[in-house]
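Chemist: The structure follows.
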Amino acid sequence: KAGVTQTPRYLIKTRGQQVTLSCSPISGHRSVSWYQQTPGQGLQFLFEYFSETQRNKGNFPGRFSGRQFSNSRSEMNVSTLELGDSALYLCASSLQKTGGNEKLFFGSGTQLSVL
Amino acid sequence: SQQGEEDPQALSIQEGENATMNCSYKTSINNLQWYRQNSGRGLVHLILIRSNEREKHSGRLRVTLDTSKKSSSLLITASRAADTASYFCATGTGANSKLTFGKGITLSVRP
C-alpha cells in the first residue's frame with residue numbers, strides 16, 4: 001500500500017505570492033491533518049478534515065485554508081505569503097476520525113521557503 | 001501551544017547504550033504517542049499508549065505512562081546509529097481533539 005504522498009517536495013516562493021500544497025492519504029484513510037513544523041515552534045496543528053468536512057482548526061490566520069475532496073485527497077493553500085511562513089508542511093492521514101485517538105501516518109512533507 | 005514537553009532536549013549516547021526520553025503534559029489525556037523523525041522527513045509512529053495503560057513494549061522500545069504525574073518515558077534499549085533522529089511525544093485529549101506534539105528530543109547515537 002502506498003504511503004501518504006505530498007507534492008511538491010520543495011517550493012520556493014516570494015513574499016505576497018500564494019501557494020497550494022497537495023496531499024494524497026493512504027488508500028482507505030478518510031482523515032487528513034496538516035501540521036506546520038518550524039525549528040522555533042515545533043509542530044503546530046493547522047487543520048483536520050474528515051469526509052470533506054473540516055473537523056478541527058488550529059490557531060492560524062485566515063490566510064491558511066484547506067479542503068478535502070471526495071477521494072480524501074487534500075490541499076492546503078496559503079495566500080499572501082510572509083517570510084515567517086517558511087516551514088516544513090506535513091500532512092498526515094488516519095483511518096477514521098482522528099480526534100487525537102489514532103496513530104497518524106505522515107508524508108515526507110513540503111519544504112516551503114519564502115524569500 | 002505545546003501540550004507535551006520532552007526532556008532532555010538533546011541526548012548523545014554510545015551505540016549499545018540505552019536511551020531514556022521523558023515527556024510531561026499538562027491536561028488529562030486519552031492517549032499518548034511517540035513518533036520518530038529523521039532529518040527533514042515526515043514523522044513515523046512508534047507506539048501509542050492509552051490512559052488506562054501503564055506500560056507498552058514494541059521491539060527495543062518500552063513506553064511507560066504515569067497519569068498521576070502526567071508524564072511518560074520512552075526507553076530505547078541497545079541503541080544503534082540508525083536510531084539517531086528526533087523523537088516527539090504527542091497527546092490526544094478526547095473524541096474531538098487534535099493530536100498535540102511536543103518540541104522533540106534530538107537523539108544522537110555515536111557508532
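Chemist: Compute the signed sum of charges (Lys and Arg +1, Asp and Glu -1) over the other residues within less than 14 Å, Cβ to Cβ, of residue A:16.
Modeler: My count for the surroundings of residue A:16 gives +1.
Chemist: While we're here: Mind grabbing the base-10 log of I(q)/I(0) for the range A:10-50 at q = 0.24 Å⁻¹? Debye formula, identical points on the C-alpha positions, no solvent, two decimal places.
Modeler: Computed log10 I(q)/I(0) values: -1.03.
Chemist: Then there's this: Pop a pseudo-label 7 angstrom from the Cα along the beta-carbon direction at both residue A:80 and residue A:115 and give the gap in nm to one decimal.
Modeler: Using points 7 Å along Cα→Cβ, the separation is 2.4 nm.
Chemist: Hey, another quick one. Taking K and R as +1 and D and E as -1, what net charge do the other residues with C-beta under 9 Å from the C-beta of residue A:115 add up to?
Modeler: Charge balance in the 9 Å sphere: +2.
Chemist: Moving on to the next point. Would you kindly state how much longer the chain becomes between residue B:18 and residue B:106 on full extension, computed as 0.36 nm times their sequence separation minus their alpha carbon distance, in nm to one decimal?
Modeler: Full extension from residue B:18 to residue B:106 adds 30.2 nm.
Chemist: In peptide A:43-52, how many Cβ atoms from other protein chains are near each Cβ within 10 Å, on average?
Modeler: Going residue by residue through A:43-52 and averaging, the value is 3.
Chemist: Still on this structure, please answer the following. What do you get for Rg/Rh over chain A if you use C-alpha atoms and the Kirkwood form of Rh?
Modeler: Radius of gyration relative to Kirkwood radius: 0.95.
Chemist: Related question: If you build the convex hull over the alpha carbons only and average its shadow over all orientations, what do you get for chain B? Give it in nm² to one decimal.
Modeler: For chain B, averaging the hull's shadow over all directions gives 6.7 nm².
Chemist: Calculate the mean, over all residues of peptide A:106-115, of how many other protein chain Cβ atoms lie within 10 angstrom of the residue's Cβ.
Modeler: Mean inter-chain Cβ contacts per residue within 10 Å come to 2.
Chemist: Any number yet on Rg/Rh for the protein assembly as shown, C-alpha, Kirkwood?
Modeler: For the protein assembly as shown, the value is 0.97.
Readers should treat all values here as calculations from the given coordinates under stated rules, not as data from a laboratory. Just so it is clear, the model here is predicted, and its values are computed rather than measured. As a convention, Cβ positions derive from the backbone with ideal geometry for all residues, glycine included, and neighbour counts pool all protein chains shown.
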